[in-house]
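The values are calculated or read from the model by the stated rules, or taken from the named source; none is laboratory data. Keep in mind that what you see is a predicted model, and the values were worked out from it rather than measured. Heads up, the Cβs are rebuilt from the backbone with ideal geometry, glycines too, and the neighbour counts pull from every protein chain shown. Quick note on the areas: whole protein, heavy atoms, side chains included, nothing else; ligands and nucleic acids left out. Shrake-Rupley method; radii C 1.70, N 1.55, O 1.52, S 1.80 Å.
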Amino acid sequence: VQLQASGGGLVQAGGSLRLSCAVSGNTASISLMLWYRQTPGNQRDEVARLYTDGSAEYKDSVKGRFTISSEKTKNTIYLQMNSLKPEDTAVYYCHVRQVPRGSYWGQGTQVTVSS
């Protein structure tokens, strides 16, 4: 399984970005789709997760601002980010888990929010 993230960039506080993650290869049995973010010197931090039944969970600090979704026909995972804040600045990574033990990461895309 290969993941290719895109959509990052520089945006002013209050603005929006949509991240995309194209998933290719053997996508059967993917059980969970996630977005993480990481700032220098810190561990990767889970931002949002999407289950195959369509339910989602979010980090408290992004609830109501970020939305994770997927489009099966395009094998793509999205992260719509609205009302961005400078503290959202990070490298964002997409991640999928596959039954029974598959775990795959995209290469990361930089999001910078200026104040």
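Couple of notes before you dig in:
- Considering the conditions (1) at negative phi; (2) open to solvent by less than 20 Å² (accessible area, probe 1.4 Å); (3) out of contact with any helix residue (DSSP H, G or I) (no Cβ under 6 Å at 6 or more places or on another chain), G108 is excluded by exactly one of them, (1).
- Residues in segment 87-106 that are over 16 Å from T52 (Cβ atoms) and either in contact with a Cys (Cβ under 7 Å, 6 or more places away or on another chain) or not in a strand (DSSP E or B) (or both): E87, D88, T89, R101, G106.
- Residue match in segment 22-37 (condition: open to solvent by 60 Å² or more (accessible area, probe 1.4 Å), within 22 Å of Q12 (Cα to Cα) and not aromatic (F, W, Y)): no
- Considering S16, S61, the condition of being touching a Leu at 6+ places or on another chain (Cβ under 9 Å), open to solvent by 50 Å² or more (accessible area, probe 1.4 Å) and more than 17 Å from C94 (Cα to Cα) is satisfied by S16 alone.
- Count - residues of segment 69-78 that are open to solvent by 40 Å² or more (accessible area, probe 1.4 Å) and under 18 Å from D45 (Cβ atoms): 0
- Enumeration of residues in segment 79-89 that are closer than 16 Å to R18 by Cβ and either buried (at least 22 other Cβ atoms within 10 Å of the Cβ) or touching a helix residue (DSSP H, G or I) at 6+ places or on another chain (Cβ under 8 Å) (or both): L79, M81, L84, D88
- Residues that are closer than 15 Å to G54 by Cβ and not β-branched (V, I, T), drawn from segment 30-44: S31, L32, M33, L34
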